[in-house]
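**Student:** Quick one: this structure, given as structure tokens, is what I'll be asking you about.
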Amino acid sequence: MFAQRLKELMSEKKLGSGYQLAKELNVSQSMVDNWICGKTKPTFEGMVLLCKYFNVSADYLLGITDAPFPPAQTLQELTAQKLKNSLAKENQRGVLMGFHGTKPETITLAPKDFTKIKAMLKIMKDQ
């Protein structure tokens, strides 16, 4: 399913060859050719590049879902729920993990930071 989706996305972007996609992603042509013919699947880093380039989710690329990306409301609800669960432990120091570009970042938060995040979430919810 991955190779099929990749070919469809390449066609939509009018990329006629693996060479063109490899050039856009700054990866080797043989790697992209192997993805296209189904010999291999990309590494995590390769999936991130493809998802960003084609503006689709990894679930879509892998054939797990037919929706190119999750609905924004669903994504917001999931993010809000994760933060809410984290904020439930307000009296403890916590860790917030996110992504900056393609590299994960971890930030240690003090209890006062949780209060600020709660206020931001309330504002987002009310909008």
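**Student:** For ALA3, are the conditions met, namely being surrounded by 13 or more Cβ atoms within 10 Å (Cβ to Cβ), farther than 22 Å from ASP66 by Cβ and small (Gly, Ala, Ser)?
**Tutor:** no
**Student:** Count, please, the residues in the range 22-42 that happen to be without any contact (Cβ under 8 Å) to a residue 24 or more places away in the chain and under 21 Å from PHE69 (Cβ atoms).
**Tutor:** 1
**Student:** Residues of the range 6-21 being closer than 18 Å to PRO68 by Cα and either hydroxyl-bearing (Ser, Thr, Tyr) or crowded, with 17+ Cβ neighbours inside 10 Å (or both), which ones?
**Tutor:** LEU6, LEU9, MET10, SER11
**Student:** Right, next: Quick check on my filter: what residues within the range 24-47 are hydroxyl-bearing (Ser, Thr, Tyr) and either at pLDDT below 85 or within 17 Å of MET1 (Cα to Cα) (or both)?
**Tutor:** Across the range 24-47, the qualifying residues are THR40, THR43.
**Student:** Out of the helices (runs of 4 or more DSSP H) lying entirely within the range 7-64, which hold 3 or more residues that are under 14 Å from the mean Cα position of the chain (by Cα)?
**Tutor:** 44-54, 58-61
**Student:** Now, a different point. Consider ASN55 against the criteria (1) touching a residue at least 60 places away in the same chain (Cβ under 8 Å); (2) within 16 Å of GLU12 (Cβ to Cβ): it satisfies all of them except one. Which criterion is unmet?
**Tutor:** Exception for ASN55: condition (1).
**Student:** Which of the following residues is among the aliphatic types (A, V, I, L, M) and modelled with pLDDT under 90: LEU21, LEU62, LEU50?
**Tutor:** None of the others qualify; the one that does is LEU62.
The values are calculated or read from the model by the stated rules, or taken from the named source; none is laboratory data. Keep in mind it's a predicted model, so treat the numbers as computed, not measured. Positions of Cβ are generated from backbone atoms using ideal geometry, with glycine treated the same way; all protein chains shown enter the neighbour counts.
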